[in-house]
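Worksheet for the structure shown next.
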Amino acid sequence: MSTENLALLSREGLPLAERAGSLVGSVIDSSTSLLASMKHDIVRFAMGSPANEAVPLEEFREIASTVMGHDTFTYGATEGEPRLLSALVEYLSTTSDPTDEDRVTITAGGMQGLDLACKIFLNPGDLVIVESPTYTNGSATALSYGAQLLEAPLDENGLVVEALPELVAATGRTPKAIYTIPNFQNPSGTTLSLERRELLLELAHQWNAVIIDDDPYGLLRFEGEDLPSLQALSPGDPLLFSVRTFSKILAPGLRVGWVDTHPALRQLVINAKQAMDTCTNVPAQHIVAEFIRRGRLDSHLADLRAEYRRRRDAMQSSIRRHLGDRVTTTNPEGGFFLWLTLQGADAGISTRRLFETGLAEGVAFIPGPALSAEGRFDDALRLCFATSTPERTDEGIQRLRRAMDIELAGLEGATCA
């Protein structure tokens, strides 16, 4: 929340909790409302949402007509509907991220999983390591529980885990939690290497710090080889709190995800969730369960992987064609995002200002400072390649180039003056 809004509420005499000042909100989520208010055509690289055509809408409609009964519209078990739990665990047994039913709790999307982790583990003032840049909805959740954030750098192999001991030593404290997105990281698209996964687990045990393992994209690898999950590298580890979601692989509007935790922690997770929402949306759980039971998830994911690879390649091709050496980008092997960094004279452009100019030109993205708790990366931005067709992507990159030209001309004009 902004300082101005807090001051206004204080003048109204509202008895706000101390934590209200830590409820920073989300630039990413706010972009949905902002774009909905726009009247002109905008190519949308901002939100990390599946393409409309990637959602199996007709099948969802047909499934809804067959699974809906009185038990669909009553309260469900907090830990999740039995049919979804069993179908999910059976499916995951075929992946690189297998689990057991006594470890899984169904959540209202991945964000609830992050909230549960922070609610259970964090006290005000606790130190939490976060990647930089990162998914700031996750870091904002930690802030809402009074945590203090320690930003740690990324490179082409994900979080620079070997830098953590020195960063932590400089604080004079030990971290309570480490928040990481190991596969096709949001926003950089990078993947944590095997060696760094192993070192991260070692450091977590050294510090007795919980690893909040946020992996919405792990099933969307379209290039390269799968790496073992943190759970697979350290089976039964009580310091692993793994957060997963159907938002990226089926549809975000379902608001269905899950957390995978040590069995001894599960009842505490259920207790915490009962203080939030009693149970996750039952109709959506029944739809997802039936989709999995029919054996459709594998073929659906295969289609997504092929299409998202095509769309990544198309975005990279458009960037090379229209922006050339004015930028550099990461080259993700899966997921939704790539990270673009301005080069040369363009590096002087503020991507916060470029965001406004881009909207006027008809293209939306997330500026770098929105993806850092400290507002870093004003020369960088996040692009989602999953949402738009190659044709729309090419148009969007051309609009981005025009916006960059406008901003660069303004910089050069200011320099001449």
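The values are calculated or read from the model by the stated rules, or taken from the named source; none is laboratory data. Keep in mind that this is a model prediction, so the values were computed, not measured. Here Cβ is always computed from backbone atoms with ideal geometry, including for glycine, and neighbour counts include all displayed protein chains. What goes into the accessible areas is simple: the full protein's heavy atoms, side chains included, and nothing from ligands, DNA or RNA. Shrake-Rupley method; radii C 1.70, N 1.55, O 1.52, S 1.80 Å.
Annotation: per residue accessible area for the chain equals 42 Å², rounded to a whole number [probe 1.4 Å, protein chains only]. Phi angles across the range 107-114 convert, under the Karplus curve 6.51 cos²θ - 1.76 cosθ + 1.60 with θ = phi - 60°, into 3J(HN,Hα) values of 10, 7, x, x, 4, 5, x, 5 Hz, Gly and Pro given as x.
If r is the Cβ-Cβ distance from Arg11 to Glu101 and R0 is 35 Å, what FRET efficiency results, to the nearest 0.05? Given R0 = 35 Å and the Cβ-Cβ separation, E is 0.10.
Between Ala36 and Asp226, the modelled labels are 3.7 nm apart [label points 7 Å from Cα along Cα→Cβ]. For the chain, the carbon plus sulfur part of the accessible surface works out to 52%, probe radius 1.4 Å. Computed on the range 143-288, the Cα convex hull volume stands at 136 Å³ per residue.
Given a cut-off of under 8 Å on Cα pairs at least six residues apart, what relative contact order in percent is computed for the range 197-252?
The value is 47 percent.
Expressed to the nearest 5 percent, the antiparallel share of DSSP beta bridges inside the chain is 50 percent.
Calculate, in nm to one decimal, what Gln274 and Asn331 gain on full extension: separation in residues at 0.36 nm each, minus their alpha carbon distance.
So the chain would gain 16.4 nm between Gln274 and Asn331.
Averaging 1/r over each pair of different alpha-carbon atoms in the range 50-91 and inverting the result gives 12.4 Å, the Kirkwood hydrodynamic radius.
Label sites at Ser317 and Thr389, each approximated as a point 7 angstrom past Cα along Cα to Cβ, lie 1.5 nm apart.
Length available on full extension from Arg353 to Glu62: 0.36 nm per residue minus the Cα-Cα distance, which gives 100.2 nm. Placing R0 at 22 angstrom, the Cβ-Cβ distance between Asp298 and Glu198 gives a FRET efficiency of 0.15 after rounding to 0.05. Annotation: Cα Rg of the range 126-215 relative to the compact-globule expectation 2.2 N^0.38 Å equals 0.97.
Prolate is the label for the range 190-232, because a/c, from the alpha-carbon gyration tensor with a ≥ b ≥ c as root eigenvalues, is 1.5 or above and a/b exceeds b/c. Translational diffusion of the range 42-149, estimated by Stokes-Einstein from the Kirkwood radius over alpha carbon pairs at 4 °C in a medium of 1.567 mPa s, is 74 µm² per second. Along the range 401-408 the Karplus relation, 6.51 cos²θ - 1.76 cosθ + 1.60 evaluated at θ = phi - 60°, assigns HN-Hα couplings of 4, 4, 5, 5, 4, 5, 5, 5 Hz to successive residues, with x for each Gly and Pro.
Calculate for the chain the 222 nm mean residue ellipticity that helices alone would give, adding -39,500 (n - 2.57) per DSSP H run of length 4 or more and normalising by residue count, nearest 500 deg cm²/dmol.
Calculated from helices alone, the mean residue ellipticity at 222 nm is -13500 deg cm²/dmol.
A cut-off of 5 Å between modelled amide H atoms, ignoring neighbours fewer than 5 places along the same chain, links Ile366 with Arg382.
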